[in-house]
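Colleague: Before anything else, here's the structure in question.
The values are calculated or read from the model by the stated rules, or taken from the named source; none is laboratory data. Just so you know, these numbers come straight off a predicted model, no measurement behind them. We place every Cβ from the backbone using ideal geometry, glycine too, and count neighbours over all the protein chains shown. Surface accessibility is based on the protein's heavy atoms, side chains included, excluding ligands, DNA and RNA. Shrake-Rupley method; radii C 1.70, N 1.55, O 1.52, S 1.80 Å.
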Number of protein chains: 2
Amino acid sequence: MLTVNVEFVNPFLVSAVNVIKTMANTEVKPGKPFVKSDRISKGDVTGIVGLRGVQAKGSMAITFTGPAILHIYSQMLGENAEEISDAVVDCVGEITNMICGGAKAILSEKGYKFELAIPSMIAGKNHMVFHKTNGKIICIPFDTIAGSFFLEICFEE
Amino acid sequence: MLTVNVEFVNPFLVSAVNVIKTMANTEVKPGKPFVKSDRISKGDVTGIVGLRGVQAKGSMAITFTGPAILHIYSQMLGENAEEISDAVVDCVGEITNMICGGAKAILSEKGYKFELAIPSMIAGKNHMVFHKTNGKIICIPFDTIAGSFFLEICFEE
């Protein structure tokens, strides 16, 4: 189970680094993935998308701290945002779509076919994200020059 | 597009009333569904699930105010909760699963087949939920004796 999960997780890690680097011209340093047993990662804005495949179903969430997403937004759009506006929330949806799309392509090459639902975004200071799953929840922390963000992935087989 | 959307929306409305009535022995009064153009519905705890079918893909979110979910929780579990604990968040996940499962069964009879992803839950005072979609976002407000909750459904064809 854990092996398969790792196989599912790496494509998201790779895709997240690619997307932020390419779209926002921002270096991203992934930290060590860990199995999430508490609810420690809190973000100011989150994108969530459901994934459904033949072999497994799951969900991915990406949670940004305010400073991290405001930096990424200004890099991507070429304009500053002072707060998490509708435009910033929309940008989080785009990023969520792009990361999942990239991961889906990598997973497809490995023989895992997934279909994506549409992303939902959540804004609000210090909200917490939980996944209802029998599988393990893998959390990957990422650092940027402006702050951190977290990717959470869980799959049920 | 709107017709199809209504056809997709009613099964969720029916299922939500059934689930809360049956599982929590609580009368639910659905309000008039409306197309959501602002971000007015704020909840204290939310369940989100992605849906993917041949004809359409979408997502459903159910957002509860604190008093509403604490009442529903105590009715379902037979024990009181003073705050939105992990157990309450888990209960929101169960409710999300049950409502989607019920709606899926009704939609299946109409010839629309959907697969569900796993639910994610969000907790945090006054968080806001957004959906990234080209389709309309339909919001249904519900009233209970203890407070209100909101169902948001959107589909892209």
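Colleague: Any chance the stretch B:79-96 includes a residue that's touching a residue at least 12 places away in the same chain (Cβ under 8 Å), in contact with a helix residue (DSSP H, G or I) (Cβ under 7 Å, 6 or more places away or on another chain), farther than 15 Å from residue B:44 by Cα and open to solvent by 30 Å² or more (accessible area, probe 1.4 Å)?
Modeller: Checked the stretch B:79-96: no residue is touching a residue at least 12 places away in the same chain (Cβ under 8 Å), in contact with a helix residue (DSSP H, G or I) (Cβ under 7 Å, 6 or more places away or on another chain), farther than 15 Å from residue B:44 by Cα and open to solvent by 30 Å² or more (accessible area, probe 1.4 Å).
Colleague: To continue, here is another question. With respect to residue A:123, determine if the residue is more than 29 Å from residue B:137 (Cβ to Cβ) and either more than 15 Å from the chain's Cα centre (by Cα) or open to solvent by less than 10 Å² (accessible area, probe 1.4 Å) (or both).
Modeller: For residue A:123, the condition - more than 29 Å from residue B:137 (Cβ to Cβ) and either more than 15 Å from the chain's Cα centre (by Cα) or open to solvent by less than 10 Å² (accessible area, probe 1.4 Å) (or both) - is not met.
Colleague: Sort out for me the strands (runs of 3 or more DSSP E) sitting completely within the stretch A:63-157 that have 3 or more residues that are within 12 Å of chain B (Cβ to nearest Cβ).
Modeller: In the stretch A:63-157, A:114-116, A:120-131, A:147-156 are the strands (runs of 3 or more DSSP E) which contain 3 or more residues that are within 12 Å of chain B (Cβ to nearest Cβ).
Colleague: Being at negative phi, open to solvent by 70 Å² or more (accessible area, probe 1.4 Å) and part of a loop (DSSP other than H, G, I, E, B) is the filter here; which residues of the stretch B:19-29 pass it?
Modeller: B:27
Conditions tested, residue by residue: (1) aliphatic (A, V, I, L, M); (2) within 13 Å of the chain's Cα centre (by Cα).
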{"site": "B:48", "(1), (2)": "yes, yes"}
{"site": "B:59", "(1), (2)": "no, yes"}
{"site": "B:63", "(1), (2)": "no, yes"}
{"site": "B:71", "(1), (2)": "no, no"}
{"site": "B:76", "(1), (2)": "yes, no"}
{"site": "B:80", "(1), (2)": "no, no"}
{"site": "B:86", "(1), (2)": "no, no"}
{"site": "B:102", "(1), (2)": "no, yes"}
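Colleague: Pick from B:32, B:42: which is within 10 Å of chain A (Cβ to nearest Cβ) and surrounded by fewer than 20 Cβ atoms within 10 Å (Cβ to Cβ)?
Modeller: Going through B:32, B:42 in turn, just one is within 10 Å of chain A (Cβ to nearest Cβ) and surrounded by fewer than 20 Cβ atoms within 10 Å (Cβ to Cβ): B:42.
Colleague: Right, another one. When you check residue A:16 against the structure, is it of a type in the set (Gly, Ala, Ser), closer than 23 Å to residue B:49 by Cα and either open to solvent by 40 Å² or more (accessible area, probe 1.4 Å) or in a helix (DSSP H, G or I) (or both), yes or no?
Modeller: Answer is yes for this residue.
Colleague: Something else: Of the residues that sit in the stretch A:91-115 and are at pLDDT below 95 and among the acidic types (Asp, Glu), which one is farthest from residue A:25 (Cα to Cα)?
Modeller: A:115
Colleague: Would you be able to say whether some residue in the stretch B:49-60 is surrounded by fewer than 23 Cβ atoms within 10 Å (Cβ to Cβ), under 21 Å from residue B:17 (Cβ atoms) and within 14 Å of chain A (Cβ to nearest Cβ)?
Modeller: No, every residue in the stretch B:49-60 fails to be surrounded by fewer than 23 Cβ atoms within 10 Å (Cβ to Cβ), under 21 Å from residue B:17 (Cβ atoms) and within 14 Å of chain A (Cβ to nearest Cβ).
Colleague: Check A:70, A:107 and return the single one that is in contact (Cβ under 8 Å) with a residue 60 or more places away in the chain and open to solvent by less than 30 Å² (accessible area, probe 1.4 Å).
Modeller: Criteria check complete, one pass: A:107.
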